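K.L.:
Next up is a structure, given as structure tokens.
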Amino acid sequence: MQLPVPLRDTTRPLDTALTDARTGRRSGILRVTGEPGGDIRFADGRIVTVNTCGAPGFDVLDREEQPLGAARARLLRMTATVDGLFAIAAGWIDRCYWIDADPEVFAGADPGYESEWLLSETARRLSALAAAGFSPHRNLLALTEFGRSRRDEDDTTAILRLVDGTRSCRDLAFLLGRPLYPVTVEVARLLACHQLTIPARPAADRSPGTADTGMVDPALPRRRRGASGINDTLRPRPPQAAPPSAIAVDVPDSSPRRRTERIP
């Protein structure tokens, strides 16, 4: 699936790194810096796991009290891997580089997933949400009057009960123990139905050159202020990260930076 040009520019370092890993049949850990960033583990060119603070992982998604069967465990691992890559791509990407790892660590690993399929699925999800105009990581959510009237009804979504003006889609996904993508899709629906809104923060509360940010539940993984999202119609300039020391950078980010203002 072909992404719109601004999205292709943003995700190109990740696309290139995953394609190179597949063609070179690499085993190791590809670290993606940015917001939220994460580690992508490869075995023989296939993606085995994706670890990121941007989406709940396998351990969070697995809330079964009984031991998982092999089929259920594989389904959950696949869900966490696809959702983790979406979470990384839905933020901003600074650079990608490889971390040295003991080859024995990857011996006999899960057969994993083809990076080409994961990239295609990620592109499909980003394209589906591109018109929504909000970031699953950065934008905080609040109830409208209509949303407050619906919150205590029996058939209401759990999201309405958790939205309090200080949480993003990412925060809600961790609290619900659900993948980030379906939570973001549900939030987009609630925004379209005018049950949720994205409040603008006073300019005095923002750092220069950043857009709206907010508090994070202390139990959730921490993230820096000013993290932007792929779903923003107009993207703010991301903070500049220093290159990791003593590590060779395989895939520099040559994508153009854009400094814009978010339209409330």
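K.L.:
In region 56-89, which trypsin sites (Lys or Arg not before Pro) fall in coil by DSSP and have 12 or fewer other Cβ atoms within 10 Å? The partial results should precede the final answer.
P.N.:
On the way: sites: R63, R72, R74, R77; in loops: R63.
In loop regions of region 56-89 (DSSP not H, G, I, E or B), the sparsely surrounded trypsin sites (Lys or Arg not before Pro) are R63.
K.L.:
Now for a separate question. For the pair T19 and T156, what calculated FRET efficiency results from E = 1/(1 + (r/R0)^6), where r is the Cβ-Cβ distance and R0 = 45 Å, to the nearest 0.05?
P.N.:
Working: r = 43 Å, r/R0 = 0.96.
Approximately 0.55, to the nearest 0.05.
K.L.:
While we're looking at this one, here's another question. Which GluC sites (Glu not before Pro) in region 140-198 pass both tests, a DSSP loop state and at most 14 other beta-carbon atoms within 10 Å?
P.N.:
Working: sites: E145, E153, E186; in loops: E153.
In loop regions of region 140-198 (DSSP not H, G, I, E or B), the sparsely surrounded GluC sites (Glu not before Pro) are E153.
K.L.:
Also: Put a dot 7 Å past each Cα toward the Cβ at E116 and V60; how far apart are the dots in nm?
P.N.:
In this crude spin-label approximation the distance works out to 3.2 nm.
No value in this document is a laboratory result; all are computed from the given coordinates. No experiment lies behind these values; they were computed from the predicted model shown. When we count neighbours, we look across all protein chains shown, and the Cβ atoms used for this are built from the backbone with ideal geometry, even at glycine.
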